[in-house]
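S.K.: What follows is a single structure, and I will ask about it in a moment.
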Amino acid sequence: MSAGPERAPAEPAALPQSLRRNAPLVPTDGSASRALAAVIAILTFLAALCAGAAEIVASSAAQWQGAVSQEVTIQVRPGPGRDTEADVARAVALAKEAPGIAGTRALSKTESEHLLEPWLGSGLDLGELPVPRLITVRLAGAGTPADLPALRARLAEALPGAASLDDHALWLSRLSTMAHTFVGIGVGVVALVLVATGLAVTFATRGAMAGNREVVEVLHFVGAGDDYIAREFQRRFFRLGLRGGAVGAGAALALLALAAWLARLWRASPAGDEIEALFGGFEISWRGYASVVLIGVIASVVTGVVSRLTVRRFLA
Amino acid sequence: MSGGSLLSGADESVVRFENVGMRYGVGPEVLSDVSFAIAPHSFQFLTGPSGAGKTTLLRLILLSARPSRGLVSLFGEEVSGISSQRLTGLRRRMGVVFQDFRLLDHLTTYENVALPLRVQGRAETSYRAEVVELLRWVGLGERMHVLPPLLSGGEKQRAAIARALIARPELLLADEPTGNVDPQLGRRLLRLFIELNRLGTSVLIATHDHALMDLVDARRFVLGNNHLRIEG
Ligand SMILES: Nc1ncnc2c1ncn2[C@@H]1O[C@H](COP(=O)(O)OP(=O)(O)OP(=O)(O)O)[C@@H](O)[C@H]1O
Ligand SMILES: [Mg+2]
């Protein structure tokens, strides 16, 4: 009902929206920023690959260990004047009696000889040679634990000098040592690369501080505290780090995914079984991918924090 | 050091110098035995020939240079061993117009003027109207999106003045604030300073411009032969 707003307001009501620019207070020098982002990307890429490789080794080792520790082997050596077939049957019987054993399988003479082929060649007549015979013993698992020392003692008692039990303990411990060493090296390399990233950022921040001395001075004069200025630098470098880290981690992810895809391709090929036997599944678990992403994030956080600390020290 | 006679009791002065001497490096003293006080709400000029030390004196007040001897107090606080946090606090109570403007070239005129408010952590929407109004007042309404390198000398000067005023400081220091503008605009800017002074800000303007000083009945600090003389 009231008269419409015919009188124009004295003040222009709407201010130009384009004012909202909020440009970073620390100017970004294009070429230096790009160089730093590239360095961070490369370092992140290397660290991420390293972490991915360590993760593959660790998970493959775990796979092998899981498979191998489900089995023990009884070896029956032929001796002069001994009936090897009878010895094998006796050993199988002993193993079957023992608690916690799910099953046994004695490798036949030809199977045992076949196992030696890769080393001795296939044209050889091994009939004359005393080839040891193997019995694989599957363990029932955690529910009914097998008493391997007891079984070993009974084998030694019944077939002294001829039968021995191999629970792969030595091999397993070596495998686990190797896997741990590999993972340790991986962690060490990742740490080194992160330190290198930190150093690169320190130098870049010092350069940016020197190049922006005038800006820092003006910021001080208009009432910006050291902390505020350090935060501005941190924000700028964190963004750079995020960009570099994303590119590096992305490239590493792509490479790992490609490797996994190629591995799957090979496994489908005729030679696949051997490759799988040699390298394990070459599965890259979600943990592998996650650790790559995590390294990208850590690299950007390191970048931000290091630049902030550098500025604080510089201003103090 | 002289006795504490000048400092005794409640010190109301915004700025107080006592026997201040200043030299750059190992050079001769640029300022010797300078003593003065700037009272709240006061208006004064600082004058003297080129090279007399006007900019140096302003830098001492801004704490961007430290005196070689003597005492400097700001807002009642002796500043020789001040922490960087207290320093930031003091600088927020001062506005300064530099002789060479010191605008940040990568920020627009608007952003430059808004800077003192932005570094206090205020949201952009909370001060936008204020900044735009002041920019219009100094005649930069059409130029607020422009980067400083594209401004004329006079426009830069007005932007620098607007930046010094925007946070309504308790003390305004201006180094040759009318050096690059025509007399008419110079008078307009002077009116701005007088208006600010009326609202409670203490003002110290360094200038050689006698015509400008004659427009205001104010104290004059005259620098010459390294010493400070107070007239009026
Ligand atoms: N950073 C510096 N290092 C060494 N000497 C300096 C420095 N700044 C100024 N001076 C010297 O100190 C003296 C005073 O300089 P100042 O800039 O304070 O003079 P001014 O009164 O502001 O001059 P003008 O009116 O030309 O601006 C001059 O002799 C100058 O050469
Ligand atoms: Mg000067």
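The values are calculated or read from the model by the stated rules, or taken from the named source; none is laboratory data. Since this is a predicted model, take the numbers as computed values, not measurements. Neighbour counts run over all protein chains shown; Cβ positions are idealised from the backbone, glycine included. SASA here: full protein model, heavy atoms, side chains in, ligands and nucleic acids out. Shrake-Rupley method; radii C 1.70, N 1.55, O 1.52, S 1.80 Å.
S.K.: Dipole size in debye (nearest 20) for chain B around its Cα centre, Lys and Arg Cβ +1, Asp and Glu Cβ -1?
M.R.: Details: 27 positive and 24 negative charges, 70 e Å.
Value, rounded to 20: 340 debye.
S.K.: With label points built 7 Å along Cα→Cβ from the Cα atoms of B:ARG23 and B:GLN120, find their separation and express it in nm.
M.R.: Output for this residue pair reads 4.1 nm.
S.K.: Can you give the mean number of other chain Cβ atoms that lie within 10 Å of the Cβ atoms in peptide A:212-221? Before the final figure, lay out the partial values.
M.R.: Details: counts 2, 0, 3, 5, 0, 2, 10, 5, 8, 13.
Counting Cβ atoms of other protein chains within 10 Å of each residue's Cβ and averaging gives 5.
S.K.: Would you mind telling me the antiparallel percentage of the DSSP bridges in the protein assembly as shown, rounded to 5? Intermediate results must be reported in sequence, preceding the final value.
M.R.: Working: 33 of 50 bridges.
Of those bridges, close to 65 percent are antiparallel.
S.K.: Say R0 is 45 Å: what FRET efficiency, to the nearest 0.05, do B:ARG188 and B:SER83 get from their beta-carbon distance?
M.R.: Efficiency computed from Cβ-Cβ geometry: 0.70.
S.K.: Calculate for the protein assembly as shown the 222 nm mean residue ellipticity that helices alone would give, adding -39,500 (n - 2.57) per DSSP H run of length 4 or more and normalising by residue count, nearest 500 deg cm²/dmol. Before the final figure, lay out each step's value.
M.R.: Working: 16 runs with 284 residues, N = 548.
For the protein assembly as shown, the value works out to -17500 deg cm²/dmol.
S.K.: Quick check: convex hull over the Cα atoms of the range A:78-161, volume per residue in Å³, rounded to an integer? Mind showing how you got there, number by number?
M.R.: Working: hull volume 8.8 nm³, N = 84.
In the range A:78-161, the Cα convex hull volume per residue is 105 Å³.
S.K.: Just to be sure I understand the interface: list residues from the range B:44-73 that lose 10 Å² or more of accessible area between the chain on its own and the complete protein assembly, 1.4 Å probe.
M.R.: When all protein chains are present, B:LEU62, B:SER64 each give up 10 Å² or more of accessible surface.
S.K.: Okay, moving on. So, by mean Cβ neighbours within 10 angstrom, what's the order for A:287-298, A:78-89, A:182-193 with the highest one leading?
M.R.: Values: A:287-298: 19.3, A:78-89: 13.7, A:182-193: 15.8.
Highest-to-lowest ranking by the protection proxy: A:287-298, A:182-193, A:78-89.
S.K.: Okay, moving on. Antiparallel DSSP bridges in chain B: what percent, to the nearest 5? Walk me through the intermediate numbers first.
M.R.: On the way: 18 of 35 bridges.
Here the share of antiparallel DSSP bridges comes out near 50 percent.
S.K.: Charges only on Cβ, +1 for Lys and Arg, -1 for Asp and Glu: so what's the dipole of the range A:78-161 about the Cα centre, in debye to the nearest 20? Mind showing how you got there, number by number?
M.R.: Working: 9 positive and 11 negative charges, 76 e Å.
With only Lys, Arg, Asp and Glu charged at Cβ, the dipole is about 360 debye.
S.K.: Take the solvent-accessible surface of the protein heavy atoms, probe 1.4 Å, and return the percent of it on the protein assembly as shown that carbon and sulfur atoms account for. Intermediate values should be presented prior to the final figure.
M.R.: Details: 16370 of 27700 Å².
That fraction is 59 percent.
S.K.: Further question: I'd like the FRET efficiency for B:GLU195 and B:ALA129, computed as 1/(1 + (r/R0)^6) with the beta carbon distance as r and R0 of 22 Å, rounded to 0.05. All intermediate terms of the calculation are to be shown ahead of the outcome.
M.R.: Details: r = 19 Å, r/R0 = 0.85.
In this case the efficiency is close to 0.75.
S.K.: Something else about it: Give me the distance in nm between label points sitting 7 Å out from Cα along the Cα-to-Cβ direction at A:TRP261 and A:PHE182, one decimal.
M.R.: Using points 7 Å along Cα→Cβ, the separation is 2.4 nm.
S.K.: Set Lys and Arg Cβ to +1 and Asp and Glu Cβ to -1, take the dipole of the range A:107-214 about its Cα centre, and tell me which of A:ALA196, A:GLY184, A:LEU165 lies farthest positive.
M.R.: A:ALA196
S.K.: Convert 4 °C to kelvin, take the viscosity as 1.567 mPa s, use the Kirkwood radius over C-alpha pairs of the range B:163-232 as Rh, and evaluate the Stokes-Einstein diffusion coefficient in µm²/s, rounded to a whole number. Please report the intermediate quantities before stating the final value.
M.R.: Details: Rh = 13.0 Å.
So the translational diffusion coefficient is about 100 µm²/s.
S.K.: Please report, in Å, the Rg and the Dmax of chain A, where both are computed over Cα atoms only.
M.R.: 33.7, 125
S.K.: Okay, moving on. Can you tell me the relative contact order of chain A? Whole percent, Cα pairs under 8 Å, sequence separation 6 or more.
M.R.: Details: 380 pairs, mean separation 101.1, N = 316.
Reported as a whole number, the value is 32 percent.
S.K.: Kindly give the semi-axes, whole Å and largest first, of the ellipsoid equivalent to chain B, taking each as the square root of 5 times a Cα gyration tensor eigenvalue.
M.R.: Numbers: eigenvalues 175, 81, 55 Å².
Semi-axes (√(5λ), whole Å): 30, 20, 17.
S.K.: Let me understand the range A:158-219 better: what is its radius of gyration from the alpha carbons, and its Dmax, in angstrom?
M.R.: 27.7, 93
S.K.: Work out the P(r) tail for the protein assembly as shown: percent of alpha carbon pairs separated by more than 31 Å, whole number. It would help to have the intermediate numbers written out before the result.
M.R.: Values: 99302 of 149878 pairs.
Across the protein assembly as shown, Cα pairs with separations above 31 Å total 66 percent.
S.K.: Further, regarding this structure: Accessible area per residue, 1.4 Å probe, Å², for the protein assembly as shown: what's the number?
M.R.: Details: 27700 Å² over 548 residues.
That works out to 51 Å² per residue.
S.K.: Using packing as a proxy for protection, rank B:99-106, B:179-186 so that the peptide with the highest average count of other Cβ atoms within 10 Å comes first. Write out the running numbers ahead of the final one.
M.R.: Values: B:99-106: 18.1, B:179-186: 14.9.
Order by mean packing, descending: B:99-106, B:179-186.
S.K.: Specify which residue in the list B:GLY153, B:GLY27, B:VAL222 is farthest towards the positive end of the charge dipole of the protein assembly as shown, using unit charges on the beta carbon of Lys, Arg (+1) and Asp, Glu (-1), about the Cα centre.
M.R.: B:VAL222
S.K.: Pick out, from A:HIS114, A:GLY241, A:THR44, the residue whose Cα sits farthest towards the positive end of the charge dipole of chain A, with +1 on the Cβ of Lys and Arg and -1 on the Cβ of Asp and Glu.
M.R.: A:GLY241
S.K.: Residue by residue through B:108-120, how many Cβ atoms from other chains fall within 10 Å of the Cβ on average?
M.R.: 4
S.K.: Would you work out the relative contact order for the range A:78-161, in percent, from Cα pairs under 8 angstrom that are 6 or more residues apart?
M.R.: Relative contact order of the range A:78-161: 41 percent.
S.K.: Cut-off under 14 Å on the C-alpha distance; same-chain residues fewer than 8 positions from B:LYS156 excluded. Which aspartates and glutamates are left, in chain and number order?
M.R.: Qualifying aspartates and glutamates at Cα under 14 Å: B:ASP100, B:ASP105, B:GLU111, B:GLU142, B:ASP175, B:GLU176, B:ASP182.
S.K.: Given points 7 Å out from each Cα along the Cα-Cβ axis, report the B:HIS41 to A:VAL297 separation in nanometres with one decimal.
M.R.: 5.9 nm
S.K.: Count, for each residue of B:83-96, the Cβ atoms from other chains sitting within 10 Å of its Cβ, then give me the mean as a whole number.
M.R.: Working: counts 0, 6, 3, 0, 4, 8, 2, 1, 6, 4, 1, 3, 3, 3.
Average neighbour count from other chains, rounded to a whole number: 3.
S.K.: While we're here: Charges at C-beta only: +1 for Lys and Arg, -1 for Asp and Glu. How large is the resulting dipole of the protein assembly as shown about its Cα centre, in Debye rounded to 20?
M.R.: Details: 55 positive and 51 negative charges, 318 e Å.
Dipole of the protein assembly as shown, to the nearest 20 debye: 1520 debye.
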